[in-house]
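The values are calculated or read from the model by the stated rules, or taken from the named source; none is laboratory data. Here the structure is a predicted model, which is why all the values come from computation and not from measurement. Cβ placement follows ideal geometry from the backbone for every residue including glycine, while neighbour counts extend to all protein chains displayed.
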Amino acid sequence: MEETKIPAATEKAARYIDALTVDSAVNVPEAVVADENRFFTWDNEKRHPPQMPYLFDWSYYNGVVMEGLYDIYKTDPEKGGRYLDYVTRYLDAMIVTDGDGRKSLSRNLAGYVDCHGADCYKTAGLLVRAAHDLGREDYMQICRDLYRDLTDETYVNSTGHTVPREYMEAALGHNYWHSWNKERPPKYKVWLDGIYMLQPFLSRFAAWTGDERQLRLVQERLDWAADTMLAPNGLYYHAVNSREDVCPYHWTRAMGWYGMAMADVAEVLPEEYKPARAAALRTFADGVLKYQKEDGLWTNVADWPETETNRLEVSGTAMMVYTILKGVRLGLLDPAYREPAVRAFTAIVETKLVDGRLTDIYLKASANNQNNYENTDYYLPDEGKGVGPFIMAYSEMRMVK
């Protein structure tokens, strides 16, 4: 039954995506990036450079939107040129050249800094894909710098610290702290969110350059997360310091970040690592599918009932669609897993894509051991942290056989 809904759902999704991005007269990449007072319409956090000197247009949510568009391009490169053009215009707008001809991300335009934390590296996962596929040496040069920030034990960053020596702990499975821009560590050092922000970039660059040590570390990090962050109910804790010291909420979006990370990393890891990744992805899918609601969606906190404050939520649901469909496509999951993912996507389109707006996307939640997952003011339309995964889910739906 769900299979018959796919053409109408994907067509409606495509119209929405195009209107928001490639056909938009407002979300023009080079114009937005060039003006520190302008933001993409999906950027509901409205950061202002003098107050928040990091992320800006290099933010992870802009990166996820752009990577979703890049995914559309990759599904059909011959017909997807305008999506590629949009993405490269976004990336190119943030690159500057010094007097020696060296390319870098503009601190004023991109907002990137090397001393904030995991969020600053998500968009690098898009950049390294484009560098590889398009043969862009300028992109590759910047990727080398970003990779150096995270892996070079001799590199001292802009605040005098060395990230892999100070903020990557063996006790955490060599995972990084989620942020390192303050003197004290975050309340919980490892977040599911941060695994997605870092590991796809690191694994892609390491696979491309043959850095076997980093590939082993990526595998170790994911193995640690699969073991330490898994709760007895089959879901995953938002953040942890250890198996005993956890932020106990099962936020669907955080779990979605983790699922997406597993699917993306499995795409590039050496073959000998893939059985462990496939087993972890099956455990993940089996756990989250137990909490899929009858209509196909997931609530904001997955194991709580649907209420006005814990709504059926788009970003986490879209991430489950992407993770499961990509897992099936890569042969990591059995084809039987496809049906609930397709049902989830069609449910988003039928119930949450209303009058040209994608509704009920939760803005943000801090992993601080407090319930900040039920703020009704945070359910927003067209929020980038939901739009991006929705575009990614759509790209996978285009490949459903």
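One table, with the values for the structure above:
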| quantity | calculated |
| --- | --- |
| Close pairs (7 angstrom Cβ cut-off, 6 or more residues apart or separate chains): over 19 Å from residue 340 (Cα atoms) in segment 270-295, surrounded by fewer than 16 Cβ atoms within 10 Å (Cβ to Cβ) anywhere | 276/223 |
| Every pair of residues 6+ apart whose Cβ atoms lie under 6 Å, when the first sits in segment 217-243 and is β-branched (Val, Ile, Thr) while the second is assigned to a loop (DSSP other than H, G, I, E, B) and surrounded by fewer than 17 Cβ atoms within 10 Å (Cβ to Cβ) | 228/243 |
| Residue 362, sole failed condition from (1) aromatic (Phe, Trp, Tyr); (2) farther than 19 Å from residue 43 by Cα; (3) crowded, with 24+ Cβ neighbours inside 10 Å | (2) |
| Hey, residue 210 farther than 24 Å from residue 284 by Cβ, of a type in the set (Gly, Ala, Ser) and loosely packed, with under 15 Cβ neighbours inside 10 Å or not | yes |
| Cβ pairs under 6 Å, 6+ apart, first in segment 43-59 and under 12 Å from residue 33 (Cα atoms), second modelled with pLDDT of 65 or more and of a type in the set (Val, Ile, Thr) | 57/33; 58/123 |
| Among residues of segment 307-363, those that are in contact with a strand residue (DSSP E or B) (Cβ under 7 Å, 6 or more places away or on another chain) and not in a helix (DSSP H, G or I), counted | 9 |
| Test: residue 25 is modelled with pLDDT of 95 or more, surrounded by fewer than 21 Cβ atoms within 10 Å (Cβ to Cβ), over 19 Å from the mean Cα position of the chain (by Cα) and closer than 26 Å to residue 296 by Cβ | no |
| Among the candidates 251, 304, 224, 208, residue that is farther than 30 Å from residue 149 by Cβ and modelled with pLDDT of 95 or more | 304 |
| Some residue of segment 70-91 being touching an Asp or Glu at 6+ places or on another chain (Cβ under 7 Å) and either hydroxyl-bearing (Ser, Thr, Tyr) or under 19 Å from residue 142 (Cα atoms) (or both) | yes |
| Search result, residues across segment 84-121 that are of a type in the set (Gly, Ala, Ser) and in contact with a Lys or Arg (Cβ under 6 Å, 6 or more places away or on another chain) | none |
| Exclusive hit being of a type in the set (Gly, Ala, Ser) and in contact with an Asp or Glu (Cβ under 6 Å, 6 or more places away or on another chain), set 194, 173 | 173 |
| Residue match in segment 270-287 (condition: surrounded by fewer than 16 Cβ atoms within 10 Å (Cβ to Cβ) and not in a helix (DSSP H, G or I)) | yes |
| Test: residue in segment 197-215 that is closer than 15 Å to residue 173 by Cβ, touching a strand residue (DSSP E or B) at 6+ places or on another chain (Cβ under 8 Å) and in a helix (DSSP H, G or I) | yes |
| Residue check, residue 19 assigned to a helix (DSSP H, G or I), loosely packed, with under 15 Cβ neighbours inside 10 Å, in contact with a Gly (Cβ under 8 Å, 6 or more places away or on another chain) and not charged (D, E, K, R) | yes |
| Residue 243, sole failed condition from (1) within 16 Å of the chain's Cα centre (by Cα); (2) exposed (fewer than 15 other Cβ atoms within 10 Å of the Cβ); (3) not acidic (Asp, Glu) | (1) |
